[in-house]
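Working notes, beginning with the structure itself.
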Amino acid sequence: MKIVTIIGARPQIIKAAALSRAIRNHFADQIKEVIVHTGQHYDVNMSQVFIDELGVPEPDYNLNIGSAGHGVQTAGMITGIEEILLKEKPDFLVIYGDTNSTLAGAVAASKIHIPIAHVEAGLRSFNKSMPEEINRIMADHASTLLFTPTPTGLDNLINEGFSKENKAPFTPDHPGVFHCGDVMYDNSLFFETIAREKSKILNELNLKEGEFYLATVHRDNNTDQPTRLNALFEAFQEITTSTQKTLVLPVHPRTRKMLPQNLNDELYAKVNENPFIRMIDPMSFLDMIVLEKHCDMIFTDSGGVQKEAYFFQKPALILRSETEWKEIVTQGCARVVNADKIKILEAFDYFNTNKNTLKFPTIFGDGKAAEFIVDILLKNS
């Protein structure tokens, strides 16, 4: 059996590591994996470092698309992926998540009738102004096999007309729907031990367990809208100065570019002078795991970091107006605070007082989602 795996952005590289590991450890004599990197994330710190440290095989193809508007970027990916699919003739195209690379893979494969397997299907924010929401909906409705990480994801698919009762043979008109658990939970369990041994990030940043906060801000509706970006950094400024605790902020390239443009001059100066706000380069996945595991609280607009906060039993403030990971909010372990300074400060005060009472039951599977997915692919090839 041959599969073509599409990666392009940091989260997809990390998710693909789980499937590549399952193939290598359990199915090496049955599956050939061809990896295509679209080049959507082309910065070394956002891409190559993850391939190097997570054991993802070097891509067989790199389209080197780079940064561009949605239309130009996605069109270039569709063209390149289609050429590769016609050459490789795989049994399945495997796509992950909700990026432009995901959408491009789905469009390219569906047009030439190559079955699509979508890992992380069924997630919905119910906000179609988010490009990711459009990407994930389109990918789901073009797929032959849909692997959803949560019961909520399964419910979303059923509400859109999918049936979990469908039996093989599966097609895009009669797709297979499977609740499999989360490959990122697989990864967090697997890499936690490795990260503990290899990462030196706590020593390098002179951080002590429970004595710092972790934040990520990268979505364009936060970075590119001055009102929102100012509200976020006003909250960070107030929290760090009042608690005298360090906030570690690995800075996405987009965020680094927009901070001097969109923060007001006075706030920008205060942030840069604040010894408790540590803006650093993007982290490797192993370093990020260590920071997540040892921090006190997490502030993020990243879907992946929201989940990882839950995996490592840390309260999370979600810097968006909604989340596709509703379970962690329902459990009371995260709050949606948007880019609203008052909500951020209120949620911070709540978690700061009540963090020791939070419960984190297992809701993301048994750590073997990737093995399940590969087994289903084999049975349906």
Point to revise | Test result for residue 125, in contact (Cβ under 8 Å) with a residue 40 or more places away in the chain and of a type in the set (S, T, N, Q) | key: yes
Exercise for review: Determine which single condition residue 106 fails, assuming it passes every other condition in (1) farther than 20 Å from residue 67 by Cβ; (2) buried (at least 24 other Cβ atoms within 10 Å of the Cβ); (3) under 17 Å from the mean Cα position of the chain (by Cα); (4) not aromatic (Phe, Trp, Tyr).
Suggested key: (3)
Review point. Does at least one position in region 193-200 carry a residue that is surrounded by fewer than 22 Cβ atoms within 10 Å (Cβ to Cβ), in contact with a helix residue (DSSP H, G or I) (Cβ under 8 Å, 6 or more places away or on another chain), of a type in the set (A, V, I, L, M) and not in a loop (DSSP other than H, G, I, E, B)?
Key: yes
Check your understanding: Is there a residue in region 226-237 that is at pLDDT 95 or above, touching a Pro at 6+ places or on another chain (Cβ under 7 Å) and surrounded by fewer than 20 Cβ atoms within 10 Å (Cβ to Cβ)?
Key -> no
Check your understanding: List pairs: first in region 299-314 and within 20 Å of residue 350 (Cα to Cα), second modelled with pLDDT of 95 or more and basic (Lys, Arg), Cβ under 6 Å, 6+ apart or cross-chain?
Key -> 301/320; 312/293
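Of the residues 351, 372, which single one is more than 23 Å from residue 183 (Cα to Cα), surrounded by 15 or more Cβ atoms within 10 Å (Cβ to Cβ) and within 24 Å of the chain's Cα centre (by Cα)? Spell out how you get there, then give the answer.
Working: 372 fails: more than 23 Å from residue 183 (Cα to Cα).
It is 351.
Can you work out which of the residues in region 201-220 that are outside any loop (DSSP other than H, G, I, E, B) and of a type in the set (Asp, Glu) is farthest from the chain's Cα centre (by Cα)?
Of everything passing the filter in region 201-220, 204 is farthest from the chain's Cα centre (by Cα).
The values are calculated or read from the model by the stated rules, or taken from the named source; none is laboratory data. Keep in mind that this is a model prediction, so the values were computed, not measured. Cβ sites come from the backbone with ideal geometry, for glycine too, and all protein chains shown count toward neighbours.
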